Amino acid sequence: MNAALIERLGAVIAGIVVGVVAFYALYKDWHATGVENQVFKLMLLLLGIGAILALLAGLNVVGFAPKG
């Protein structure tokens, strides 16, 4: 196993875990009101989107460079 494979595997696992936790917390906090809660929901959404991007990068869907 080389370092790149370990790094991609870590990104996939972390992307899944962080994405599930972020979207679950967003689901549970969806009906909360108030400015602070709206900011918290926006932060959870951005965290979930970042986790999806990390997952896609780990699966080599986005962010890859052509060889050569």
Per DSSP H run of at least 4 residues, take -39500 (n - 2.57); add these up for the chain, divide by its residues and hand me the 222 nm value, nearest 500 deg cm²/dmol. -26000 deg cm²/dmol
What FRET efficiency comes out for Tyr27 versus Asn60 if R0 is 30 angstrom and r is the Cβ-Cβ distance? Round to the nearest 0.05. 0.55
Residue by residue, what Karplus-based ³J(HN,Hα) values in Hz, rounded to whole numbers, does region 6-15 have, using 6.51, -1.76 and 1.60 with θ = phi - 60° and x for Gly and Pro? 5, 5, 5, 5, x, 5, 5, 5, 5, x
Debye-sum result for region 28-68 in log10 I(q)/I(0), which assumes one identical scatterer on each alpha carbon, at q = 0.28 Å⁻¹: -0.89
Under 8 Å for C-alpha pairs, at least 6 residues apart: give me the relative contact order for region 3-58, rounded to a whole percent. 60
Could the peptides 24-33, 4-13, 41-50 be put in order, highest first, of the mean number of other beta-carbon atoms found within 10 Å of their residues? 41-50, 4-13, 24-33
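No value in this document is a laboratory result; all are computed from the given coordinates. Since the structure is predicted, the reported quantities are computational estimates derived from the model, not experimental observations. When we count neighbours, we look across all protein chains shown, and the Cβ atoms used for this are built from the backbone with ideal geometry, even at glycine.
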